[in-house]
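A.B. asks: Supplied in structure tokens, the structure appears directly below.
The values are calculated or read from the model by the stated rules, or taken from the named source; none is laboratory data. Since the structure is predicted, the reported quantities are computational estimates derived from the model, not experimental observations. Cβ: placed from backbone, ideal geometry, glycine included. Neighbour counts: every protein chain shown. Ligands, DNA and RNA are stripped out before the accessible areas are found, and what is left, the full protein with its side chains, is counted by its heavy atoms. Shrake-Rupley method; radii C 1.70, N 1.55, O 1.52, S 1.80 Å.
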Amino acid sequence: MPAPLKTQAIVLRSIRYGEADRILHLYTPHHGRVAAIAKGARRARSRFGARLEPFFHVRLVLHEGRSDLHTVTSADTVTPHPSLREQAATLDAAARACDAVARLFETSEPHPEVFRLLANQLALLSSDPEQASAANGLAFRLKLLLAAGIVPQLGSCAACGEIEPLSGFSASAGGVVCGSCESAAFPIGEDCYRFLVGALGSPLAEAPGASEVALRQAERAIGETAEHHAHVRLRPLLA
Ligand SMILES: [Zn+2]
């Protein structure tokens with residue numbers, strides 16, 4: 001029998017299964033995304049209590065089963081983040097953050113920085129509900145693209161290397177492009193460009209604001225990058 005796996009994890013999704021079980025999608029620092037079953041987790045007197053709900057940061061003992069599905073044998077809470085569930089905006093932002101991680105990092109490849117980024121994002125939303133904004137959500141996604149190795153090139157035209165004027169974005173070229181290389185691009189304004197650069201260069205809590213037009217352009221740039229380079233479609237952030 002393989003040794004049990006002791007790991008921290010953040011619960012990305014928790015799905016009711018059978019009579020009383022839960023199937024969990026977990027994100028771990030050193031084993032990437034892990035799927036596990038928590039047997040009896042929905043019984044009133046389950047030893048897991050309410051610890052296996054989305055957004056919980058937990059410490060788990062997992063046993064490897066015959067399939068990809070691990071079995072949870074023990075769970076301790078590191079941080080429950082109860083305040084995330086108190087407001088629709090933070091609940092939604094936290095759910096989108098977990099969903100983006102699940103889509104962009106769906107294998108067991110370790111990305112400890114993604115684990116820390118997600119833990120930071122949940123802690124930030126939990127401590128300061130005002131952070132549940134489109135700008136914060138986009139800054140988080142940009143940092144995920146960086147961790148995935150597909151961050152857009154912003155310093156010069158991704159197609160020809162020209163420094164300016166950078167007036168378009170092309171996911172297939174790999175970032176911002178100049179006026180001469182705009183054929184496969186969509187236009188972005190200076191405000192959007194400043195947002196992309198600022199959001200990548202600052203901590204999540206200090207992500208810059210931007211106009212709605214600029215944020216929509218940024219969302220399109222991020223979405224098309226994820227689609228083109230990771231074949232992942234992210235859930236829309238701006239309605
Ligand atoms: Zn160019």
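A.B. asks: Taking only the stretch 175-204 into account, find how many residues are among the small types (G, A, S), open to solvent by 60 Å² or more (accessible area, probe 1.4 Å) and within 16 Å of the ligand (Cβ to nearest atom). Walk me through it before giving the result.
C.D. replies: Just the residues of the stretch 175-204 that are among the small types (G, A, S), to begin with: 175, 179-180, 183-185, 189, 198-199, 201-202.
Those still in the list that are open to solvent by 60 Å² or more (accessible area, probe 1.4 Å) too: 180, 183-184, 201.
From what is left, the residues that are within 16 Å of the ligand (Cβ to nearest atom) are 180, 183-184.
Of the residues in that region, 3 qualify.
A.B. asks: Ok, one more. Can you work out which of the residues in the stretch 46-96 that are acidic (D, E) and surrounded by 12 or more Cβ atoms within 10 Å (Cβ to Cβ) is nearest to T7 (Cα to Cα)? Please lay out each step first, then the result.
C.D. replies: Quick first cut of the stretch 46-96, residues acidic (D, E) only: 53, 64, 68, 76, 86, 92.
Now drop any that are not surrounded by 12 or more Cβ atoms within 10 Å (Cβ to Cβ), which leaves 53, 64, 92.
Details: E53: 17, E64: 13, D92: 26 Å.
Looking at residues that are acidic (D, E) and surrounded by 12 or more Cβ atoms within 10 Å (Cβ to Cβ), I get E64.
A.B. asks: Can you name the number of the only condition in (1) of a type outside the set (A, V, I, L, M); (2) under 25 Å from T107 (Cβ atoms); (3) away from the ligand (no atom under 14 Å from the Cβ); (4) open to solvent by 30 Å² or more (accessible area, probe 1.4 Å) that S172 fails?
C.D. replies: (3)
A.B. asks: Residues of the stretch 154-169 being part of a loop (DSSP other than H, G, I, E, B), within 9 Å of the ligand (Cβ to nearest atom) and not acidic (D, E), which ones?
C.D. replies: Filtering the stretch 154-169 down to residues part of a loop (DSSP other than H, G, I, E, B) leaves 154-165.
Checking the rest, the ones that are also within 9 Å of the ligand (Cβ to nearest atom) come to 156-162.
Across the stretch 154-169, the qualifying residues are S156, C157, A158, A159, C160, G161.
A.B. asks: Also, quick follow-up: Quick one: in the stretch 132-189, of everything that is of a type in the set (V, I, T) and in contact with a Phe, Trp or Tyr (Cβ under 8 Å, 6 or more places away or on another chain), which residue is farthest from L204 (Cα to Cα)?
C.D. replies: So the first thing to find is which residues in the stretch 132-189 are of a type in the set (V, I, T), and the list is 150-151, 163, 176-177, 188.
From what's left, in contact with a Phe, Trp or Tyr (Cβ under 8 Å, 6 or more places away or on another chain): 176-177, 188.
Values: V176: 22, V177: 26, I188: 22 Å.
Looking at residues that are of a type in the set (V, I, T) and in contact with a Phe, Trp or Tyr (Cβ under 8 Å, 6 or more places away or on another chain), I get V177.
A.B. asks: Which one is most open to solvent (accessible area, probe 1.4 Å) among residues in the stretch 1-13 that are assigned to a strand (DSSP E or B) and farther than 17 Å from R103 by Cβ? Talk me through it step by step, then tell me what you get.
C.D. replies: As a first pass, look at the stretch 1-13 and keep what is assigned to a strand (DSSP E or B): 5-13.
Imposing the further condition that a residue be farther than 17 Å from R103 by Cβ reduces the set to 5-9.
Values: L5: 37, K6: 159, T7: 12, Q8: 65, A9: 0 Å².
If we take residues in the stretch 1-13 being assigned to a strand (DSSP E or B) and farther than 17 Å from R103 by Cβ, then K6 is most open to solvent (accessible area, probe 1.4 Å).
A.B. asks: Could I ask something else about it? May I ask you to list the residues in the stretch 193-231 that are farther than 15 Å from F140 by Cβ and within 18 Å of the chain's Cα centre (by Cα)?
C.D. replies: R220, E224, E227, H228, H229, A230, H231
A.B. asks: In the stretch 24-45, what residues are open to solvent by 30 Å² or more (accessible area, probe 1.4 Å) and in a strand (DSSP E or B)?
C.D. replies: As a first pass, look at the stretch 24-45 and keep what is open to solvent by 30 Å² or more (accessible area, probe 1.4 Å): 25, 30-31, 33, 35, 39, 42-45.
Passing the criteria: H25, R33, A35.
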